[in-house]
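In what follows, a single structure is set out as structure tokens and then discussed.
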């Protein structure tokens, strides 16, 4: 009986909005818009170009069906029986959707039907236990920029994973903002470490107030490939409630979660029922957010294509209202053709169809992950960490056999990524002669980095490229850049593999080339 | 003999780059890109999704030819014989252009071929006498936001036209930035006033350093419709050199310049040769910029369509380099479908074809301006300012005849706009009984604004909407909002007409409704 109060625990979080964002005013022009809708009104008030003077009459998109075959090293543009044609015409022509409003200036929030679809998808996938709004944005890069502008004051600290996405940091480094990195295990950042950081925060020593923002790529993180477990999420959320932290959940890889390497695999893609698919995904922070303290950044870049430059915020209305004010004067809504394509495609697919498409992608990225791990197994000896010679390693340890005897020498460890596109490898330099020379020569204050650079160059000479782990170090200031100053494990360094782009054959050859260099150093 | 040194006068302007922008670093990920191009390289370094997994196989756009008939109140989507079909396929399919790179992440600068086209267009139209670069941006709204971020420190002053674009101000008001408005006559802002402001700047009194940025919509300005004359531009440029000011030339209406209302008109659109068309346009600040101190914001919003959310910067390489760093972490390049459409359309049209299209638009917007001015003449008595009863009026004065005698009562004055979409009207309240009542009752500290609000509401009741001039007042702080505090002419207020959107019939009826209200107050 009566209405269900969905949000008993919503709290006022407006004190998180920074001074500049508070000072934004709505554009006065928006006041007039409601009068424009009055029947018979003649408006000299609009400032829009005349839509009959746009030189685009029709757009037609040949898309794929959700269950289209994407098998193996598919060539794009190859004959595909699974084509779904979408036509967007102007007012007078027939078509799936009227193109004209997408060519004209839009409201800052984005197309209303698309917002509605975003809400339906949000309910279906996350069912947030708090009030929220959806607001389109032109890609997660811009969404994060707007969130920093909303929440951070100059010289604040932001809590991040120990290894984090460099462009996200590059944005706030010029503001004098610094990272507070939280170490992680295979289940994600350590709740107890987060708690300790908050509890022991010394404002005087740090020169800034206790952090109020936690930035996480919590599924298939870039670079670590880690996905935070359900239990760990609950612990983290509770700490955020206790210490009044806003969680920014930047989650482009959420739908690219896949089963572990050893899980049996279907020979070809067969979609599960939607409910079963959704239950296989780890619950999001948004789905646990009783208070409205999660700002979720949704992206279509990994699920449709990056060139759309489009995604959406899901957040507390107190935040989306301010984000909309920023959108009006900083970007306006995403590009019209991107909005038109996504809206018409999602309408034709339906939400269930979209979720089928996502399973299709999931299957493909799992296959690519398997190619890489297959190649590791083919070239190296791969041991569970517990059975390896490396104390405290996580996941699996990849070893080479010594040249003279069969003794196993650990080269790197990694956690089998349950999502995304990356395998994050911790290399062990102990017992590597070249590293020992660098270390003892004392020519560098960071022998680990120096040897990692050598290794990277040796790989590049053999025509195989990895991304250096140093790109992903949380930025704690210019005085905390060396392995020692960062407090990282001595005689280790990281590299990131991406398995998203190369073909199976390239992966096999690439790991073979990698092995060749490794063998020459580690044996 | 030997090479021509194009830029003898280029000066070092890097001191204009603000502290935060100076502190930006290039993304380390970009270092790897050059290695990726090496023959035979296998890359595990990229972080891009696999392009075979994008569900768009082909995009087809039906566009108009440059000289297509756009006559009168054209209905969009109506049968048009002037269709140019553009097909963008994936790698394996034939098409005008390969679609794939536009679906994938791009470099921050934008598609290289499109940048090249932007440069060709820049040379042809502006032939800047300084070194410059072109850099794509997602619309002038965002471009201006990036320029403010590049040049302004908190609490700076920015020089603007007395009546200026509100969204441009809304962006910087939260930074504590204030406007320094410069009054204008029919040829644009007054050079002598600009000079006096700079010369008499009292840092102590103002609480901030002398302004270093001049923001101008210098053609068909929004809201004033004014275009700065060639001679005035030269005077302004010289002052900017003398006082080391950066000119931000936000110029979306540049190609919508048209002949005066009284100039004879062809019955239908007939393109002029490109050279003749370009010579008919006022020279830009960029075309006079020997020192590299003009940042030009080019937009396709008014020339192709706003939903593209795309344009480009033309600026000193010292500035574009920093703008690119901001682009990488704040927006990335514009949406791929927008880039693909514009590149393929401009290639098919050719630059001359594009310039023909622009003449076609010019013809249409001139026609619309004429519709509005025709309606003024039909309802009111329109006199040249010099022959009018209003001292110091600019342009034309619009009067009503008194009810009892034939005495002319001035209602508003305006300058015939030579470009853009707007007619900016200065209303005279002297002798209007209702205004006199408000003024003498002393219930408001801004009787002009109070009566302007009444007038606006009376028009809205008669189903005609104008934009209040108050939206466009340069923001000088909360203490300078009334007519008196702003130092504006007493007993006047402004309203803006846009002639871009209504049909001829709507314009006629709208002005009739407007007249009805005016007559009731002014007679």
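Every read-out reported here was derived from the displayed coordinates using simple, explicitly stated rules and does not represent laboratory data. If you're wondering where the values come from, they're calculated on a predicted model, not measured in any experiment. Methodologically, a virtual Cβ is constructed for each residue, glycine included, from the backbone with ideal geometry; neighbour enumeration extends over all protein chains shown.
Data overview
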| quantity | calculated |
| --- | --- |
| Between 0 and 90°, nearest 10: helix A:336-379 axis offset from chain A longest Cα axis | 10 degrees |
| Least to most buried among B:266, B:242, A:57 (fewest other Cβ within 10 Å first) | B:266, B:242, A:57 |
| Theoretical FRET efficiency, 1/(1+(r/R0)^6), r = Cβ-Cβ of residue A:15 and residue B:476, R0 25 Å, to 0.05 | 0.25 |
| Pairwise label distance in nanometres, residue B:437 with residue A:407, each label 7 Å out on the Cα-Cβ vector | 10.4 nm |
| Using alpha carbons only: equivalent-ellipsoid semi-axes of segment A:240-347, gyration tensor based, whole Å | 29, 23, 11 |
| Rounded if a/c under 1.5, otherwise prolate or oblate - segment B:139-251, Cα gyration tensor axes | oblate |
| Label-point separation, residue B:203 to residue A:71 (7 Å along Cα→Cβ), nm | 7.4 nm |
| Cα gyration tensor, segment B:352-417 - rounded (a/c under 1.5), prolate or oblate | prolate |
| Label point at residue A:266 placed 7 Å out along Cα→Cβ; residues across segment A:52-83 whose backbone nitrogen lies under 17 Å | A:65-72 |
| Inverse mean reciprocal Cα-Cα distance (Kirkwood Rh) of segment A:398-515, Å | 15.6 Å |
| Partner chain coverage, peptide A:467-477 - average Cβ within 10 angstrom | 2 |
| Value of Rg/Rh across chain B [Cα atoms, Kirkwood radius] | 1.00 |
| FRET efficiency, 1/(1 + (r/R0)^6) with R0 51 Å, evaluated for residue B:230 and residue B:485 via beta carbons | 0.90 |
| Added length on full extension, which subtracts the Cα-Cα distance from 0.36 nm per residue, residue A:242 to residue A:318 | 25.3 nm |
| Helix A:140-151 axis, angle to chain A major axis (alpha carbon atoms, nearest 10°) | 80 degrees |
| For A:515, B:319, order by how many other beta-carbon atoms lie within 10 Å, fewest first | A:515, B:319 |
| Taking the convex hull of Cα positions in segment A:191-232, its mean projected area over all directions (nm²) | 3.8 nm² |
| Helix A:317-330 axis, angle to chain A major axis (alpha carbon atoms, nearest 10°) | 80 degrees |
| Helix-derived mean residue ellipticity, 222 nm - over chain A, DSSP H n ≥ 4, -39500 (n - 2.57), to 500 | -11000 deg cm²/dmol |
| Distance between segment B:410-450 and segment B:452-523 - C-alpha centres, whole angstrom | 7 Å |
| Nitroxide proxy distance, nm - points 7 Å out along Cα→Cβ at residue A:505 and residue A:36 | 5.6 nm |
| Viscosity 1.567 mPa s, temperature 4 °C, Stokes-Einstein D of segment A:315-466 from Kirkwood C-alpha radius, µm²/s | 64 µm²/s |
| Shielding by other protein chains, B:499-512, mean Cβ within 10 Å | 3 |
| Shielding of B:19-27 by partner chains, average beta-carbon count, 10 Å | 3 |
| Relative exposure of A:409, A:74, A:293, judged by other C-beta atoms within 10 Å (fewest first) | A:74, A:409, A:293 |
| Relative compactness, the protein assembly as shown, computed as alpha-carbon Rg over 2.2 N^0.38 Å | 1.00 |
